[in-house]
Amino acid sequence: MNTILITGGAGFIGSHVVRLFVEKYPDYAIYNLDALTYAGNLENLKDVEKASNYTFLKADICDAETIQSLFKKYRFNKVIHLAAESHVDRSITDPLAFLKTNVLGTINLLNAAKSIWKNDFSNKLFYHVSTDEVYGTLGESGLFTETTSYNPNSPYSASKASSDHFVRAYGETYGLPYIISNCSNNYGPNQFPEKLIPLFIHNILQNKSLPVYGNGNYTRDWLYVIDHAIAINIVFHKGKISETYNIGGCNEWKNIDLVKLLCKLMDVKINKAEGSSERLITFVKDRPGHDLRYAIDATKIRHQLGWKPRVTFETGLSNTIDWYLQNKEWLNNVTSGKYQEYYKKQYATN
Ligand code: NAD
Ligand code: TYD
């Protein structure tokens with residue numbers, strides 16, 4: 001029997017992880033703790049909200065007292081920690097928000113786990129979900145492995161790197177059983193339209209320009225979100241304590257090539273004349289400190305835990321576009337109100 005706390009379960013990746021666990025493990029008690037920031041949306045979990053093994057807890061991981069009391073009340077024995085501020089551009093305008101949630105919030109969870117679990121660490125786990133961005137940037141060649149040195153370049157990646165270090169430090173210092181995974185860029189249904197792929201789908205639907213930063217020659221390694229959720233499930237059940245696992249799509253794309261492919265698919269799916277979405281591409285001022293290239297060497301998780309991505313980029317991207325086309329209400333809801341202010345501010349000077 002597991003009583004699992006999943007943090008950030010109303011967000012993009014978290015909602016797919018919650019769904020997978022709720023559907024796959026009827027005997028586990030699954031608690032989704034989320035502050036419901038702009039990025040958290042319970043609409044993402046409509047289909048599982050009534051399941052008997054699922055409970056939603058609205059709480060902020062920055063609130064140490066509440067976190068302690070929830071650990072006391074529910075006696076979670078395992079944690080999958082995804083709650084975070086997750087967007088690089090927002091971290092450039094407000095680094096402190098990232099320090100608070102990603103560093104302080106993580107320490108609050110670690111402290112609560114440590115004090116409730118005391119020194120009985122049998123059948124306990126603190127699983128911290130992190131990003132490949134902690135490794136900094138690659139040049140034109142090479143891959144990030146689990147032993148690559150941390151070298152974060154953005155306030156977002158610096159805050160995630162710091163949280164990774166704290167998790168590891170609690171393992172070394174207090175014996176807290178932990179696992180960390182560092183994953184490449186995710187895409188798929190339910191992603192907030194501030195990140196590249198859903199933002200550009202949204203803009204094409206609105207006939208708005210597609211702001212490509214700099215020359216567009218930046219490379220990311222894209223993984224379908226459900227493949228990430230499956231990897232998290234495998235690491236959670238089969239991963240070795242105190243280990244780190246890199247998770248990646250083995251699927252590198254230069255931004256400009258990805259955007260052109262997306263434009264082509266969108267033209268077909270929404271019956272626009274060939275080339276009309278591509279004409280919306282606008283090269284804008286670059287992101288400061290923009291990392292040139294991320295790419296993951298996923299040999300360890302493949303060989304040791306038997307995971308590999310199942311969904312091809314062609315299928316994943318097509319499914320993603322279809323999801324946004326079928327969920328225009330979701331898109332309209334999340335892009336009303338505060339989103340408009342964010343968009344104006346972020347893209348004003350471009
Ligand atoms: P997201 O921004 O879509 O969701 C974050 C969730 O955390 C939201 O539901 C939000 O309400 C919640 N949250 C934020 N602050 C909180 C707080 N103080 N207390 C409680 N809940 C809070 O993020 P995502 O893209 O789903 O990323 C999830 C995790 O995976 C993050 O830790 C991120 O660093 C990591 N990650 C993301 C990617 C990616 O490509 N999106 C890749 C690798 C790793
Ligand atoms: P993003 O989705 O923000 O993820 P990350 O910064 O975590 O990799 O961005 C993916 C790539 O797309 C990154 O190189 C920045 C670029 N990008 C743009 O060119 N224009 C945009 O409007 C956004 C949001 C991103």
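The values are calculated or read from the model by the stated rules, or taken from the named source; none is laboratory data. Here the structure is a predicted model, which means the values were calculated and not measured. Heads up, the Cβs are rebuilt from the backbone with ideal geometry, glycines too, and the neighbour counts pull from every protein chain shown. For accessibility, only protein heavy atoms count, side chains too; no ligands or nucleic acids. Shrake-Rupley method; radii C 1.70, N 1.55, O 1.52, S 1.80 Å.
Which residues, counting only those in the stretch 261-286, are in contact (Cβ under 8 Å) with a residue 24 or more places away in the chain, loosely packed, with under 13 Cβ neighbours inside 10 Å and within 20 Å of Y324 (Cβ to Cβ)? Across the stretch 261-286, there are no qualifying residues. Condition check for D291 on (1) more than 27 Å from N217 (Cβ to Cβ); (2) within 15 Å of ligand 1 (Cβ to nearest atom): one failure, at (1). Beta carbons closer than 6 Å, at least 6 apart along the sequence or on distinct chains, never pair a first residue in the stretch 240-251 that is touching a residue at least 12 places away in the same chain (Cβ under 8 Å) with a second that is among the aromatic types (F, W, Y) and more than 15 Å from ligand 1 (Cβ to nearest atom). Selection of the stretch 287-298 for residues being outside any strand (DSSP E or B), open to solvent by less than 50 Å² (accessible area, probe 1.4 Å) and not basic (K, R) yields H290, D291, Y294, A295, D297, A298.
For the stretch 108-119, check the following and say yes or no: at least one residue is modelled with pLDDT of 95 or more, near ligand 1 (Cβ under 10 Å from one of its atoms) and open to solvent by 50 Å² or more (accessible area, probe 1.4 Å). No, that holds for no residue. Does V134 satisfy the condition of being more than 14 Å from ligand 2 (Cβ to nearest atom) and either among the β-branched types (V, I, T) or within 15 Å of the chain's Cα centre (by Cα) (or both)? The answer is no for V134. Inspection of the stretch 148-155 finds a residue satisfying the criterion of being hydroxyl-bearing (S, T, Y) and open to solvent by 50 Å² or more (accessible area, probe 1.4 Å).
Scanning the stretch 320-334 for any residue that is surrounded by 14 or more Cβ atoms within 10 Å (Cβ to Cβ), over 21 Å from the mean Cα position of the chain (by Cα) and β-branched (V, I, T) turns up nothing. Give me the residue from the stretch 215-226 that is open to solvent by 20 Å² or more (accessible area, probe 1.4 Å) and over 23 Å from I13 (Cβ atoms) and, out of that set, nearest to ligand 1 (Cβ to nearest atom). Among them, the one singled out is N217. Tallying residues that are farther than 15 Å from K254 by Cα and open to solvent by 30 Å² or more (accessible area, probe 1.4 Å) within the stretch 196-214 yields 5. Test N123 against the stated conditions and say whether it is at pLDDT 95 or above and part of a loop (DSSP other than H, G, I, E, B). Taking the combined requirement at face value, the residue satisfies it. Scanning the stretch 6-60 for residues that are farther than 29 Å from S336 by Cβ and within 20 Å of the chain's Cα centre (by Cα) turns up L20, F21, I30, Y31. Inside the stretch 82-105, residues that are closer than 14 Å to S162 by Cβ and under 15 Å from the mean Cα position of the chain (by Cα) make up a count of 6. Look at K100 and say whether it is within 14 Å of ligand 1 (Cβ to nearest atom), basic (K, R), within 19 Å of R168 (Cα to Cα) and open to solvent by 60 Å² or more (accessible area, probe 1.4 Å). Yes. For G337, the criteria (1) open to solvent by 70 Å² or more (accessible area, probe 1.4 Å); (2) at pLDDT below 95 hold in every case but one, which is (1). Only one entry of G105, G40 meets the criterion of being closer than 27 Å to Y174 by Cα and open to solvent by less than 20 Å² (accessible area, probe 1.4 Å), and that entry is G105.
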